[in-house]
Amino acid sequence: MFQNAEAVEKYETVTYAPDSYGSAINERQRAYLRRLITRSFPVRRPVQHDFACGTGRAIRLLHGAVRGAHGYDTSAEMLAKAAEVGTAARLHRIAEDGPVPVPAREDGPALVTSFRLLLNVDDSVRHRLLAFAARALPDRDAGLLVVENHGNRRSLRHLAARRRSGRRWFAELSHAEVVALLAEHGFEVVERRGFSMFPQSAYERRGVRTVARLVDRFATRLPSLSGVAVNVLYVARRHT
C-alpha cells in the first residue's frame, strides 16, 4: 500500500500528525527505547538496522542514541520521504521476495528494529524479517531485536470485537503467537512493554481523551500491564 506518494504522505502527516494517537505512542516509545539502549549497551552504542523502515520514524526516534543507522524498505517512495524529512541513516531498497536481505556490515553491537510490520503482513514476510534479524544478530551477545505488535489480541480494545461479531475487525496478534514466531528463529523475549491501554477512539472523544492520555503515560511504566495493552514492544535476544 505504500508504493505511491499519496499513501506515504498520509502515513507521515495523518497517522503521525502532531497531537494524534500515533504521535502520543511514538513519544512514549522514544523515551523507553532511549533508556533501553543506555542500560543494555553500557560499553558501546549499537548500530540500528530498521527493517521496513518506511519514512524513517523509528530511526529518527534514536537519532543521537545509536552509533549509526541503516533503513531497509521495499518502497522507493517511503525511502524518498525518509530522506526528505531528514532521517540520518543509510537507506537501502530491498526486494519484496527472494533471498533474505543481507544486513549492512558493521562492527560492534546491533539493534534490529521493526515497527508496524508484524500485524499487517502474512507469515512469509514475518519470517523474512526474523531471518534478516537472525543474520544481523548471530548470537546472544550480538545485540537486541525490538519488534512492535500494534494490535495485541488480549488488549482492552479487543473487548469491542465481541459486539462486532461477524463484521470486519482489526488485525490482531496474541502474545503467544509473537513469542512462537520469535522462538522459531532462535529468539527469546527478554522484555515486553505496552504503550497504549486505550484504543485510538478514546483519544478522539473529548470527554475521555485527557484521562486516556494520563492513564497510558502511567501504564507505560508498568511492564505487568503490557499483556492487555493495545500497542506492545517486544525486546528479544538470540537463545545462544
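The values are calculated or read from the model by the stated rules, or taken from the named source; none is laboratory data. Predicted model, so just to flag it, every value in this text is computed and none were measured. No Cβ is skipped: glycine too gets one built from the backbone with ideal geometry, and neighbour counts run over all protein chains shown. Calculation scope for accessible area: heavy atoms of the full protein, side chains included, ligands and nucleic acids excluded. Shrake-Rupley method; radii C 1.70, N 1.55, O 1.52, S 1.80 Å.
What the table below lists for this structure:
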{"read-out": "Filter pass, S196 being closer than 28 Å to A133 by Cβ, open to solvent by less than 10 Å² (accessible area, probe 1.4 Å) and touching a Gly at 6+ places or on another chain (Cβ under 6 Å)", "value": "no"}
{"read-out": "Matching residues in the range 16-39 - criterion: being hydrophobic (A, V, I, L, M, F, W, C) and either surrounded by fewer than 17 Cβ atoms within 10 Å (Cβ to Cβ) or within 13 Å of T113 (Cβ to Cβ) (or both)", "value": "A17, A31, L33, L36, I37"}
{"read-out": "In the range 68-80, the residues that are open to solvent by less than 20 Å² (accessible area, probe 1.4 Å) and modelled with pLDDT under 95", "value": "S75, M78"}
{"read-out": "Residue under evaluation A65, criteria (1) farther than 22 Å from L129 by Cα; (2) modelled with pLDDT of 90 or more; (3) open to solvent by 30 Å² or more (accessible area, probe 1.4 Å), criterion not met", "value": "(3)"}
{"read-out": "Residue match in the range 82-94 (condition: surrounded by 22 or more Cβ atoms within 10 Å (Cβ to Cβ), in a helix (DSSP H, G or I) and touching a residue at least 60 places away in the same chain (Cβ under 8 Å))", "value": "no"}
{"read-out": "Of all residues making up the range 104-133, the number that are more than 23 Å from R30 (Cβ to Cβ), buried (at least 20 other Cβ atoms within 10 Å of the Cβ) and either modelled with pLDDT under 95 or touching a strand residue (DSSP E or B) at 6+ places or on another chain (Cβ under 9 Å) (or both)", "value": "3"}
{"read-out": "Elements of type helices (runs of 4 or more DSSP H) contained in the range 175-235, each with 1 or more residues being closer than 18 Å to G151 by Cβ, in contact with a strand residue (DSSP E or B) (Cβ under 6 Å, 6 or more places away or on another chain) and modelled with pLDDT of 90 or more", "value": "175-184, 206-219"}
{"read-out": "Residue match in the range 52-61 (condition: part of a loop (DSSP other than H, G, I, E, B), closer than 28 Å to S226 by Cβ, in contact with a Phe, Trp or Tyr (Cβ under 8 Å, 6 or more places away or on another chain) and at pLDDT 95 or above)", "value": "yes"}
{"read-out": "Test: residue in the range 75-94 that is under 28 Å from R221 (Cβ atoms) and touching a helix residue (DSSP H, G or I) at 6+ places or on another chain (Cβ under 7 Å)", "value": "no"}
{"read-out": "Members of the range 217-234 found to be of a type in the set (F, W, Y) and over 15 Å from F115 (Cβ atoms), listed by number", "value": "F218"}
{"read-out": "The one condition in (1) modelled with pLDDT of 95 or more; (2) surrounded by 17 or more Cβ atoms within 10 Å (Cβ to Cβ); (3) over 30 Å from V43 (Cβ atoms) that S155 fails to fulfil", "value": "(1)"}
{"read-out": "Counted residues, the range 134-152 - those being open to solvent by less than 40 Å² (accessible area, probe 1.4 Å) and assigned to a helix (DSSP H, G or I)", "value": "3"}
